[in-house]
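Have a look at the structure below before the remarks.
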Amino acid sequence: MTMILIGIAIATLGGVIRWRTARYDLKDAAIDSAWTLARGKRSKENPTALERKFNAIRSEATWARRATKTAGTVAGHFIAQALGVVSLVLMVGGVLLAGVGFFWR
């Protein structure tokens with residue numbers, strides 16, 4: 001029973017990591033933007049995810065702050081990619097551990 005609970009906890013941790021890092025992933029923003037455009041839901045009041053990120057960078061007052069915001073966005077994307085792999089490994093490992101715990105009792 002302990003292995004099952006630990007496996008579920010590890011898989012849940014992986015899901016939480018994926019959920020929290022998804023906002024920094026530019027691939028997810030691009031997919032969301034394409035989906036918004038395909039459904040015809042883009043308007044001036046409802047910009048796409050990429051437009052929101054671009055507008056946040058463009059709204060900075062100076063070039064230095066824009067460069068810093070851009071670098072932060074890019075760094076966040078690469079960190080989100082790495083943590084996405086970690087979260088996938090945790091989720092698969094947790095499910096496998098829970099399965100082993102279930103069949104091994």
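Every read-out reported here was derived from the displayed coordinates using simple, explicitly stated rules and does not represent laboratory data. Worth saying up front: this structure is predicted, and the values here are computed from it rather than measured. For neighbour counting, all protein chains shown are included, and Cβ atoms are generated from backbone atoms with ideal geometry for every residue, glycine included.
Scan the stretch 47-62 and tell me whether some residue there is loosely packed, with under 12 Cβ neighbours inside 10 Å and within 30 Å of Leu5 (Cα to Cα). No: the stretch 47-62 contains no residue that is loosely packed, with under 12 Cβ neighbours inside 10 Å and within 30 Å of Leu5 (Cα to Cα). Of all residue pairs spaced 6 or more apart or on separate chains, those with beta-carbon atoms under 7 Å, a first member in the stretch 77-105 that is closer than 14 Å to Gly14 by Cα and touching a residue at least 24 places away in the same chain (Cβ under 8 Å) and a second member that is among the aromatic types (Phe, Trp, Tyr) and buried (at least 18 other Cβ atoms within 10 Å of the Cβ) are Ala80/Tyr24. Applying the set (1) surrounded by 14 or more Cβ atoms within 10 Å (Cβ to Cβ); (2) outside any helix (DSSP H, G or I) to Arg66 leaves exactly one unmet item: (2). When each of Thr12, Thr2, Thr21 is tested for being surrounded by fewer than 12 Cβ atoms within 10 Å (Cβ to Cβ), touching a helix residue (DSSP H, G or I) at 6+ places or on another chain (Cβ under 9 Å), touching a residue at least 60 places away in the same chain (Cβ under 8 Å) and of a type in the set (S, T, N, Q), the lone residue that passes is Thr2. In the set (1) assigned to a helix (DSSP H, G or I); (2) of a type in the set (Lys, Arg); (3) over 19 Å from the mean Cα position of the chain (by Cα), Lys53 fails one condition alone, (3). Only one entry in Thr62, Thr73, Thr36 is more than 30 Å from Phe103 (Cα to Cα) and in contact (Cβ under 8 Å) with a residue 40 or more places away in the chain, namely Thr73. Considered as a group, the residues in the stretch 24-46 that are assigned to a helix (DSSP H, G or I) and not hydrophobic (A, V, I, L, M, F, W, C) include one that is surrounded by the fewest Cβ atoms within 10 Å (Cβ to Cβ), and that residue is Arg39. For Gly7, work out the one condition from (1) within 14 Å of the chain's Cα centre (by Cα); (2) within 30 Å of Trp104 (Cα to Cα) it doesn't fulfil. Gly7 satisfies all of (1) within 14 Å of the chain's Cα centre (by Cα); (2) within 30 Å of Trp104 (Cα to Cα) except (1). Here Ala61 meets the list (1) part of a loop (DSSP other than H, G, I, E, B); (2) under 17 Å from Leu26 (Cβ atoms) almost entirely, failing just condition (2).
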